[in-house]
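To keep things clear, I will list the structure first and then write my remarks on it.
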Amino acid sequence: MEFAALDPKGHDRKSFDCGVPALNEYLQRYANQDLKRSLTRIYVLADGPSIIGYYSISAHSVRRDNLPADIQAGPYEDIPFLLLGRLAVDRRWQGQGYGDALIVHAFHTTRKAASQIGILGMIVEAKDEKAAAFYEGFGFRRLTGTPRRLVLPTTAMNLL
């Protein structure tokens, strides 16, 4: 098993099933288009061509007013972040820690980007309360005004 950038021709997207139709459909039908347009980057944890799980990550910004008060955002109105757009594990692999491995890899990707460009951390939009609880377990905190949008500064990622 290894992490890699999604190879639309080399990775088997059609057989991926995480149990959430929207996440399956994104990987199977739209991921390649987003890659071609440079709208996102998609990383997979794969065993050969078989995709165990994936996540997408892209540029994003958040209004300073929506951040928790203790997150140092400077005087700027819009603060740069990376957006963890999607994260999913195939049903055959769920419950074995692969979701944790994906998020830790996403943290590594974010810290690497932060060493080269200015970003404050990562934002995620949880699909439901179960997903929000998963992210909160890694230290993410909810933004004001958006109940399932959560934030984690890069400084908190260094502790993991």
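We did not get these values from a lab; they are worked out from the coordinates using the rules stated. Because the structure is predicted, anything quoted here is derived from the model rather than measured. Cβ sites come from the backbone with ideal geometry, for glycine too, and all protein chains shown count toward neighbours.
Sorted on the mean count of surrounding Cβ atoms within 10 Å across their residues, most packed first, peptides 32-40, 54-62, 142-150 read 54-62, 142-150, 32-40. I need the Debye-formula profile for segment 2-157: one equal scatterer per C-alpha, no solvent, reported as log10 I(q)/I(0) at q = 0.08, 0.14 1/Å, two decimals. After summing over all Cα pairs, the log10 values are -0.22, -0.68. Highest mean packing first, where packing is the average number of other Cβ atoms within 10 Å per residue, the peptides 102-108, 6-12 line up as 102-108, 6-12. Around the amide H of Thr146, modelled in the peptide plane, lies no amide H under 5 Å away from a residue 5 or more places distant or on another chain. Restrict the search to segment 1-86; then list the GluC sites (Glu not before Pro) that DSSP places in a loop and that have at most 15 other Cβ atoms within 10 Å of their Cβ. Counting only loop positions with at most 15 other Cβ atoms within 10 Å, the GluC sites (Glu not before Pro) in segment 1-86 are Glu77. Taking segment 99-160, which GluC sites (Glu not before Pro) meet the DSSP loop condition and have no more than 14 other C-beta atoms within 10 Å? Passing sites in segment 99-160 do not exist.
Working note: 222 nm ellipticity from helices only, DSSP H runs with n ≥ 4, each -39,500 (n - 2.57), summed and divided by the residues of the chain, gives -6500 deg cm²/dmol to the nearest 500. Residues with amide H under 5 Å of Met122's amide H, sequence separation 5 or more or different chain, H placed in the peptide plane at 1.01 Å from N; which? Amide H neighbours of Met122: Leu82, Leu152, Thr154. Here Lys9 is the anchor, and the lysines within straight C-alpha reach of less than 19 Å, apart from those fewer than 8 places off in the same chain, are Lys36.
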